[in-house]
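Student: Sharing a structure, written as C-alpha cells. Questions coming.
The values are calculated or read from the model by the stated rules, or taken from the named source; none is laboratory data. Quick caveat, the model's predicted, so the values are computed rather than measured. Every residue, glycine among them, receives a Cβ derived from its backbone with ideal geometry; neighbour counts consider all protein chains shown.
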Amino acid sequence: MARWGGDVTQRGGDAGFDDDVSQFVVMHLWTVEALELLLLMRGAVNRTWSTSSLAHALRVDFDRVDEIVRRLCALGLIVENGKGWLYRPSSDGIKDLCARVEVAYRQKPSAMVSLMGLGRARVDELADAPP
C-alpha cells in the first residue's frame, strides 16, 4: 500500500503503526497542530469551519491554521465551500487512512509525535541541502 512515499523504517520510524499510517504522518502531518486540526474537523463532518473558528478552537495562530488547511486541502482531506472548510476526504481509502491515523494517535500519542518529528527533520534536511 505505502502510497504516501518514503520508507519510514529506514529513518527509525517504526512505532508499531502500519506502513500507510507511518508514511502519511511523516510525509504530511509534520505538526501536532495539523493532526489536531484534522481530527477536530473529522469529528464534526457536517460543520463548515472558518479559518478563524479553527484557530480559536485549537488556540493556534490564524496564519498557521491557514497554512495547515491549505495543505490538507491539497492532500484531498478537506474542501473549501465558499463559506469555510469541510472535512471531505477525496476517497474512501483516504477516509479510512484518517480513521487509522486517529486510532494510532489515541493509542500511542508520544510515538505519533515522534513520527511527526521525522517529517520535520526531513524538511529541515532538504532546506539545508546545497543547491
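Student: Evaluate segment 39-48: report whether one residue or more is within 25 Å of SER114 (Cα to Cα) and either buried (at least 21 other Cβ atoms within 10 Å of the Cβ) or at pLDDT below 90 (or both). Working first, answer last.
Tutor: Step one: filter segment 39-48 for residues within 25 Å of SER114 (Cα to Cα), giving 39-43.
Checking the rest, the ones that are also either buried (at least 21 other Cβ atoms within 10 Å of the Cβ) or at pLDDT below 90 (or both) come to 41.
Yes, the conditions are met somewhere in segment 39-48.
Student: Now, a different point. Just checking, how many residues over segment 76-86 are within 16 Å of ARG42 (Cβ to Cβ) and part of a strand (DSSP E or B)? Can you show your working first?
Tutor: At the first step, the residues of segment 76-86 found to be within 16 Å of ARG42 (Cβ to Cβ) are 76-79, 84-86.
Filter once more, keeping what is part of a strand (DSSP E or B): 78-79, 85-86.
The qualifying residues number 4.
Student: Please find, within segment 87-131, the residue that is modelled with the lowest pLDDT out of those that are surrounded by fewer than 17 Cβ atoms within 10 Å (Cβ to Cβ) and not in a helix (DSSP H, G or I).
Tutor: Among those residues, the one meeting the criterion is ALA129.
Student: Continuing with the same structure: Could you check segment 51-75 and list, in sequence order, the residues that are in a loop (DSSP other than H, G, I, E, B) and surrounded by 14 or more Cβ atoms within 10 Å (Cβ to Cβ)? Walk me through it before giving the result.
Tutor: Of the residues in segment 51-75, the ones in a loop (DSSP other than H, G, I, E, B) are 59-61, 75.
Once the filter is applied, which keeps residues that are in a loop (DSSP other than H, G, I, E, B) and surrounded by 14 or more Cβ atoms within 10 Å (Cβ to Cβ), segment 51-75 yields VAL60, LEU75.
Student: I'd like the full set of residues that are of a type in the set (S, T, N, Q) and in contact with a Leu (Cβ under 6 Å, 6 or more places away or on another chain), limited to segment 25-79. Write out each step before concluding.
Tutor: Pass one, segment 25-79, residues of a type in the set (S, T, N, Q): 31, 46, 48, 50-53.
Within segment 25-79, THR48 is the sole residue that qualifies.
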